[in-house]
Amino acid sequence: MQDSYSVASNPVDYEKSPLHVLFVGESQTKPGHALGPKIYDYYLLHYVESGKGVFRTESRTYHLSAGHIFLIHPSELVSYVSDEEEPWRYRWMAFTGKEADKQVKDAGFSLDQPVITTMQDSKMSTLLSTMQNAFFEKKESAHLTSIGCLYLIFAEAKERLVLESAVAMTDSQVGRTVKQMIQYMSTQYAHPISIEQMSASLGYNRAYLSRIFKKEIGLSPVTYLLKLRIDKSRQLLRERPELSIEQISASVGLPDALYFSRQFKRFYRHSPSAYRKQMQEQSNGTSPD
């Protein structure tokens, strides 16, 4: 996959504007393409169109994929890197102004929550592309076009925030969402899925899903998924003696057999091999229950 890069600056100088878009760009990154750690003196918003990558702030790490927006705040030390297998393609824009802080906060972004998952009918790509084309054309109206698109981007982010807040306030909806998470993990555990992928598939923010799942089930989604995989492996160890430990590990979505063995012992205090031997002895009647 070849990398591509394009950026357009605002041709209109509005230094005293309460809200001002500085530049807009797009890029298909190379595998492992990294930026930072560094700081910016303006807001920098990215929208992931395809692929995957990792975004790191001073306090958290986010594994992102298509449909995610991540917002870099001024003066915050950040870094972000494209996935080695599925390098992301994203669009971005930089903006500033005395009203920027307020608009960002109203839209639902914060230092603790710089990531939002867009809806399936998101207009994010179209809005950012419209901005970029307006800047390339270098018309006097470019500034107004970019501000109009920026407000629509804030509106979409706000709508997503309101939707998530509404779901959070309804117990029945929380229960349905948790059931969807369990169903997703129960059917996808054999694949190398992640909680980020599940969140994107269900259309919710990872932090929100983790919070409601832990409250309802008592385990984090990460721990629940791992335990589900280990429990499935116990069944295979009992019922499929012809399978190797490596084959069983891969069959439950844990291709690293060494990691699988460590986690198995963490939950059940025996290695997979020892557990299989114990089950065989019990089946043959050579060991007490």
Q) Of THR187, PRO18, ALA8, which is farthest on the positive side of the dipole of the chain, counting Cα position, with +1 on Lys and Arg Cβ, -1 on Asp and Glu Cβ, and the Cα centre as origin? A) THR187
Q: Just grab the label-to-label distance for GLU137 and GLU242, each label 7 Å out from Cα along the Cβ direction, in nm (one decimal).
A: 6.7 nm
Q | Relative contact order of the chain, pairs being alpha-carbon contacts under 8 Å that are 6 or more residues apart, as % | A | 15 percent
Q. Under a point-charge model restricted to the Cβ atoms of Lys and Arg (+1) and Asp and Glu (-1), what is the dipole moment magnitude of the chain relative to its Cα centre, in debye to the nearest 20?
A. 1040 debye
Q.
Ranking request for peptides 66-75, 250-259: highest mean number of other beta-carbon atoms within 10 Å first, then the rest in descending order.
A. 66-75, 250-259
Q) Which whole-number percent is the relative contact order of segment 166-289 (Cα, under 8 Å, 6+ apart)? A) 20 percent
Q: Mind giving me the FRET efficiency for LEU144 and SER6? R0 is 25 Å, r the Cβ-Cβ distance, nearest 0.05 is fine.
A: 0.65
**Q.** Gain on full stretching of the segment that runs from ARG266 to GLN113 - 0.36 nm per residue minus C-alpha separation
**A.** 51.8 nm
Q) If you take the square roots of the eigenvalues of the alpha-carbon gyration tensor of segment 182-289 and sort them as a ≥ b ≥ c, do you get rounded (a/c under 1.5), prolate (a/b over b/c) or oblate? A) prolate
Q. Per the helix-only calculation at 222 nm, which mean residue ellipticity applies to the chain, given -39500 (n - 2.57) for every DSSP H run of n ≥ 4 and division by its residues, nearest 500 deg cm²/dmol?
A. -15500 deg cm²/dmol
Q | segment 104-247 - charge dipole about Cα centre, Lys and Arg +1 at Cβ, Asp and Glu -1, debye rounded to 20 | A | 400 debye
(Q) Under the 0.36 nm per residue contour assumption, what length would be gained going from the current alpha-carbon distance of GLN188 and ALA155 to full extension? (A) 8.5 nm
Q) If R0 is 41 Å, what FRET efficiency do you get for GLN235 and ILE39 from their C-beta distance, rounded to 0.05? A) 0.20
(Q) What whole-number distance in Å separates the alpha-carbon centres of segment 215-253 and segment 52-68? (A) 27 Å
Q | Accessible surface of segment 176-289, 1.4 Å probe, proportion on carbon and sulfur as whole % | A | 48 percent
Q.
Placing +1 on the Cβ of each Lys and Arg and -1 on the Cβ of each Asp and Glu in segment 94-146, which of VAL115, VAL104, LEU128 has its Cα farthest towards the positive end of the resulting dipole?
A. LEU128
Q | Contour excess over end-to-end distance, with Cα ends at TYR259 and GLN280 and 0.36 nm allotted per residue | A | 5.2 nm
Q) Roughly how tilted is helix 206-217, in degrees to the nearest 10 and between 0 and 90, from the longest Cα axis of the chain? A) 40 degrees
Q: Could you work out how far apart the two model spin labels at GLU86 and LYS214 are, taking each label as a point 7 Å from the Cα in the direction of the beta carbon, and quote it in nm?
A: 2.6 nm
Q) If you place +1 on the Cβ of every Lys and Arg and -1 on the Cβ of every Asp and Glu, how big does the dipole about the Cα centre of segment 48-97 come out, in debye to the nearest 20? A) 160 debye
(Q) Less than 23 Å apart at the alpha-carbon level, and either on another chain or at least 8 residues along: which lysines does that give for LYS30? (A) LYS38, LYS52
Q) Can you give the accessible area per residue of the chain, in Å², using a 1.4 Å probe? A) 53 Å²
Q: Please determine, in degrees from 0 to 90 and to the nearest 10, the orientation of helix 142-168 with respect to the longest principal axis defined by the Cα atoms of the chain, where the helix direction is its Cα long axis.
A: 30 degrees
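The values are calculated or read from the model by the stated rules, or taken from the named source; none is laboratory data. It should be emphasised that the depicted structure is a prediction, and the values quoted were computed from it without experimental measurement. In this analysis, Cβ positions are derived from the backbone assuming ideal geometry, glycine residues included, and neighbour counts consider all displayed protein chains. Areas reflect the complete protein model, heavy atoms only, side chains present, ligands, DNA and RNA absent. Shrake-Rupley method; radii C 1.70, N 1.55, O 1.52, S 1.80 Å.
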